[in-house]
Amino acid sequence: MRKYVNLSRPKHWLKNILIFIPIVYAQKLFELDLFISTIQAFIAFCIISSATYAVNDIVDAEKDRQHPIKKKRPIASGQITKFKAIIFALFLFVVGFSLSFFVYGNQRVLLFSVIYMLLNLAYSFKLKNLAIIDCFCIATGFILRIFAGGASYGGGVSDWLFLTIFTMSIFMAFGKRRGEFIRVTDTNATRKVLSSYNLDFFNGMIFSCAGLAIVFYSLWAMMNIAAMVYTVPLVIFIICKYLLTIYGKTSHGDPTSVIFGDKVLLIASGVLGVLSFALLYV
């Protein structure tokens with residue numbers, strides 16, 4: 001089963017924690033029925049995202065074999081055949097959509113789940129080869145998680161939250177592409193779109209989006225509870241540490257690997273979560 005677990009990329013389920021942000025900041029976390037609905041949406045997105053990762057690995061199998069790290073993935077390494085991977089992905093899609101259908105007595109979570117799937121399929125087959133559009137697709141995936149989180153408890157998503165998550169996602173997406181750009185020698189064999197980029201563009205976009213994310217977060221924090229402004233310095237620290245890490249010699253820029261691989265980032269993120277919770281609920 002380990003090879004199917006690896007194909008599902010459970011480490012990347014961390015991204016789906018975004019689904020909890022709307023209910024936390026709406027201060028409805030302790031309303032049991034709404035909390036259960038949000039958990040259900042989270043599980044559904046974990047399953048659906050795993051299915052999309054499997055599809056992406058099926059499409060990219062040949063190129064992944066030329067990549068220094070991705071060649072170890074189950075399909076690229078030959079541990080799982082493409083046919084079995086297709087069956088596995090279809091099974092996950094059915095389970096994930098079935099679960100999202102019953103969230104909060106409406107179909108909005110299902111709608112966002114379907115849009116997320118279609119976006120990722122389009123990304124896997126075509127959009128990942130189009131410069132800038134590829135990174136915007138990644139950011140849109142994070143935005144859909146946020147909107148699914150808002151729909152899961154029957155609420156919505158504020159404008160400042162939308163802008164915060166979007167700029168933060170674009171910042172991390174370009175950071176990941178930069179990591180690939182400077183470490184992959186044959187871009188045509190691994191990720192063709194990298195040949196359309198240059199290092200100066202990546203550096204400019206990464207720092208611009210990082211700055212915008214800080215501004216939008218600050219405005220969002222103050223629009224909720226005035227005391228949340230005291231979390232802003234910590235957010236600035238986390239972004240600075242993230243930047244320092246992805247510009248290091250050993251980082252490949254993948255957000256999940258960066259966060260899990262840096263104890264300071266993990267601790268700072270945990271402190272931010274505890275502090276935000278205290279300011280919102282205590």
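List of remarks:
- Within segment 240-256, if we keep just the residues that are among the hydroxyl-bearing types (Ser, Thr, Tyr) and surrounded by fewer than 16 Cβ atoms within 10 Å (Cβ to Cβ), the residue that is farthest from the chain's Cα centre (by Cα) turns out to be Thr250.
- In segment 115-126, the residues that are surrounded by 15 or more Cβ atoms within 10 Å (Cβ to Cβ) and either β-branched (Val, Ile, Thr) or without any contact (Cβ under 8 Å) to a residue 40 or more places away in the chain (or both): Ile115, Leu119
- Where a residue in segment 6-22 is assigned by TED's automatic domain parsing to the domain that holds Ile48 and its partner, wherever it lies, is small (Gly, Ala, Ser) and modelled with pLDDT under 85, with Cβ under 7 Å and at least six apart: Pro22/Gly155
- Helices (runs of 4 or more DSSP H) wholly inside segment 184-282 that include at least 3 residues being in contact with a Phe, Trp or Tyr (Cβ under 9 Å, 6 or more places away or on another chain): 199-224, 232-246, 255-260, 263-281
- Hey, Gly175 farther than 17 Å from Ser208 by Cα and either in contact with a helix residue (DSSP H, G or I) (Cβ under 8 Å, 6 or more places away or on another chain) or not in a helix (DSSP H, G or I) (or both) or not: no
- Residue check for Val274: surrounded by 14 or more Cβ atoms within 10 Å (Cβ to Cβ), of a type in the set (A, V, I, L, M, F, W, C) and within 24 Å of Trp13 (Cα to Cα): no
- Only one of the listed residues (Gly179, Gly154, Gly150) is in contact (Cβ under 8 Å) with a residue 40 or more places away in the chain, crowded, with 23+ Cβ neighbours inside 10 Å and small (Gly, Ala, Ser). That residue is Gly150.
- Any hit, segment 78-100, residues being under 30 Å from Asn224 (Cβ atoms) and buried (at least 18 other Cβ atoms within 10 Å of the Cβ): yes
- Restricting segment 1-54 to residues that are over 19 Å from Gly273 (Cβ atoms) and not in a helix (DSSP H, G or I), the residue that is nearest to the chain's Cα centre (by Cα): Arg9
The values are calculated or read from the model by the stated rules, or taken from the named source; none is laboratory data. Source: prediction; values computed, not measured. Using ideal geometry, Cβ is built from the backbone for each residue, glycine included, and neighbour counts are taken over all protein chains shown.
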